[in-house]
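For reference, the structure discussed in these notes is given below.
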Amino acid sequence: MSEALNYWPLLGVAWVVVGFVLRMNPVIVVVSAGLVSGIAADKTIPELLALLGESFVSNRALLMFVMTLPTIGLLERAGLREHALRWIAQLRGLTLARLLTGYLALRQGLSTVGLIDIAGHAQTVRPLLAPMAESAAEKPHGTLPRDEIQRVHALAAATDNVGRFFGEDVFLAFGAVLLIQGFYAEHGIALEPLQIALWAIPTAIAAFVIHAVRIVLFQRALDRRAAFAPERADAVD
C-alpha cells in the first residue's frame, strides 16, 4: 500500500494567497511561505536555509532584471523619450511602417543567434521604440488622440513579441528546441537540434511577412482615421 500523501506543505500556497490579499511585502510573503511549506514537510531550519541559499545563487541572473528598471527610470528622467521623439521627427523618410518593420527584422535576426535579452519591453520598447513609433506616426498627421497613441504603442510591443518568439526557435540552444528533441527521443524518434531549428525557419519567415503586412495595414488605417477626423469634427460642429 502506498504511503498517504502529505498535504500540509500546501499551506505555503494559502500563505501566499493571504499575503497578497492583505497587500503585504511580496518578498516577505514568498520567503515566509517557503519556510512554512518546508517546516510542514519536516525540513529542518538549516536545510531550509541551505535550500534558500542554493536557489538564490542558482538564479542570481534574475537580479539583472531588477537592475534594469531603475536604469531605465534614470534614462527616462534624463529625457531619453524626448530625445527619441525629436530624433525621429528629424528623419524625413522614416515612416511608422518602415520603423517597425526594420525593428522586427533586427529583433528576429538577433533572436535567431541567441541574443534574446539584448532587447525587450523594458529595455527597448517602452523607453525607445514606443516613443519613436509615436513620433513617426505623428509626423504626417500632427498630435494624435490618446487612443491612437495607445494603438501605436501596442503595435510596437507586439512587434517585439513576434520578432522574439518566432526568431528564438531557430536558435539551436534554445530551450524549446531541446524540449522538442527530448519529446521525440522519448517516443523513439532521433532528431538533431539542427533539424528542428531548420524547420522553424519557414515559420519565422511567414511570421515576419504576416506581421510586416499587418504593420502596413495598420499605418494605412491610421492614415484614413486621421484624415477623416477633421471632417468628423466639422460634422459634429
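Any read-out appearing in this document is the output of simple, stated calculations on the displayed coordinates, not a laboratory observation. Please read these numbers as outputs of a predicted model, since none were measured by experiment. Cβ placement follows ideal geometry from the backbone for every residue including glycine, while neighbour counts extend to all protein chains displayed.
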Q: Give the calculated FRET efficiency between D117 and R86 to the nearest 0.05, with a Förster radius of 30 Å applied to their Cβ-Cβ distance.
A: 0.60
Q. Once the other residues with Cβ under 12 Å from the Cβ of A157 are scored (Lys, Arg +1; Asp, Glu -1), what is the net sum?
A. +3
Q | Net charge of Cβ neighbours under 13 Å - reference Y103; Lys, Arg +1; Asp, Glu -1 | A | +2
Q | Spin-label model distance (nm) - L217 vs V31, 7 Å beyond Cα toward Cβ | A | 5.1 nm
